[in-house]
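A.B. asks: The structure that follows is given in the form of structure tokens.
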Amino acid sequence: MTTTTRLALTVGSLALLVGLAGCSSDSTSTISSTSDATTPDVVTTPLPTTPSMVDETVEPATADVLDDALLTTWLTEAVEKYPDSPGHLMWVISPGYTGGVAVGTLELDAPAPLEVDTPIRIASVTKTFVAASVLRLAEMSRLGLDDPISRHLSPIYLDMLRADGFDVDAITVRHLLTHTSGIADYAGYEENYEGKFQQMIEDDPTFQWNRELEVQFAMDNYEPLAEPGAEFHYADTGYVLLGDVLERAMGVPSYGAALSELLGFDELGLTSTFVERLDRPAPDKPLGHQYIGTLDYTNIDPGQDMYGGGGIVSTTREVSMFFDALFGGEIFDRPETLTEMITPPADAEPGSEAASEGLGIFLVERPSGEMCYSHSGFGGTTAIACPDSDITMTIGVQQVEGPADGYLDPVARVFALLD
């Protein structure tokens, strides 16, 4: 059994971004990290604080112009170096080029091709949508980020937390957003991870998990990790609870409906973005299959990652559109809200995990000094926005485990070309 945790993939994604400067002007340097994927031996790699990428000069490849053909070439070369990935999808928004391509097949050992609008499970990239929605509620004065969760959570979850020793009047909405509540990740991470949850979903992939079962699983298996606000511990559980907060605040049966209304999916043109099963029975087109090694993760019931920590099905195009709108000032009513979203806690220890994350987003510094913002998801999806250079990209590599040596990451190559 592969024991790769969901935060490990975020660590891997950020490690990739740290290595982006290693791409030379002809894009021949090897990127040693992966896009939203790691192998188990790097599960414990510490997450860098607002990581500064390797300080190497990247000469712009001015002779080339990014277009569909070049992106196709790069993705084709990438897939050849990515064992057990059926294919890659990517969408780029930039001043000189907006477009995307897909290379490979819908699933391993099958002929049906991936298409540029193939829907995929974006997993923890969902957290950025959830965090932005909670911030919209704050703008609307429906909650305060420093409100205790006792004001906003359903009684059933408050009872679960109290029974496990949590002070629900001391944990705030902000603590859930910043992974500092002290609540453990039901899916398993850090010193708590023993592979139990992963083993359960692999042993019974059709079992339908729900929010109540996931929160109770965390309570039954893990003790409180720290006092509220004291330590960073990445936790899907906190975002699962935020999904409940959104439903209650908006009076809707699915937090997906809250996301759609608060973030303006219709206005943004996000017609293929929704919470799997809760909002629609199925996507309009077959899902792109995502793998853990050769295990088809797409065949595992979506309920195990569907209630706020993950759950959104979308396309690389629409994820890029959302990130572009978010960092382009189209989501929030006030610019201060975005500033708050991308600002790490003032008391975060330099070099700590907490210092590299705002509210539902990770911060990554490029060699030029530009700050970029990214999140990744289990299954191989990474989104990154660099507002100063006006570049937004989303890539799906369709695989949890890492690529072979010599893999040239298409995200890195786009940066090297467009810088």
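A.B. asks: If you filter segment 147-221 for GluC sites (Glu not before Pro), then keep DSSP loop positions with at most 13 other Cβ within 10 Å, what is left?
C.D. replies: Answer in residue order: Glu194.
A.B. asks: Still on this structure, I have one more. Probe radius 1.4 Å, ligands and nucleic acids ignored: give me the carbon and sulfur share of the accessible area of segment 159-242 as a rounded percent.
C.D. replies: It is 43 percent, rounded to a whole number.
A.B. asks: Follow-up. Find the accessible area per residue for segment 272-419; the probe is 1.4 Å, ligands and nucleic acids are left out, and the unit is Å².
C.D. replies: Accessible area per residue: 31 Å².
A.B. asks: What shape does segment 204-267 take by its C-alpha gyration tensor, where a ≥ b ≥ c are the square roots of the eigenvalues and a/c under 1.5 counts as rounded, a/b above b/c as prolate, and the rest as oblate?
C.D. replies: It comes out oblate by the Cα gyration axes.
A.B. asks: Leaving ligands, DNA and RNA out of it, rank Glu357, Glu231 by accessible area with a 1.4 Å probe, largest first.
C.D. replies: Largest to smallest exposure gives the sequence Glu231, Glu357.
A.B. asks: Starting from the Cα gyration tensor of segment 155-288, take the square roots of the eigenvalues, sort them a ≥ b ≥ c, and report rounded, prolate or oblate (rounded when a/c is under 1.5, otherwise prolate if a/b is larger than b/c, else oblate).
C.D. replies: Oblate, because a/c is 1.5 or more while a/b does not exceed b/c.
A.B. asks: With every protein chain present, what accessible area does Glu401 have (1.4 Å probe, heavy atoms only), rounded to the nearest 10 Å²?
C.D. replies: Rounded to the nearest 10, the figure is 50 Å².
A.B. asks: A further question on this structure: Report the gain in length on full extension from Glu370 to Val65: 0.36 nm times residue separation, minus Cα-Cα distance, nm rounded to one decimal.
C.D. replies: That pair, Glu370 and Val65, stretches by 107.6 nm at full extension.
A.B. asks: Keeping all protein chains in place and using 1.4 angstrom, which order do His233, His88 fall into by accessible surface area, from largest down?
C.D. replies: Descending accessible area places them as His233, His88.
A.B. asks: Still on this structure, please answer the following. Please report the relative contact order for segment 192-268, taking Cα pairs under 8 Å with a sequence separation of at least 6, and give it as a percent rounded to a whole number.
C.D. replies: 19
A.B. asks: Accessible area of segment 290-366 with a 1.4 Å probe: how many percent of it is carbon plus sulfur?
C.D. replies: Using a 1.4 Å probe with all protein chains present, segment 290-366 comes out at 48 percent carbon and sulfur.
The values are calculated or read from the model by the stated rules, or taken from the named source; none is laboratory data. Nothing here was measured: the structure is a model prediction, and the numbers come from that model. Cβ: placed from backbone, ideal geometry, glycine included. Neighbour counts: every protein chain shown. Ligands, DNA and RNA are stripped out before the accessible areas are found, and what is left, the full protein with its side chains, is counted by its heavy atoms. Shrake-Rupley method; radii C 1.70, N 1.55, O 1.52, S 1.80 Å.
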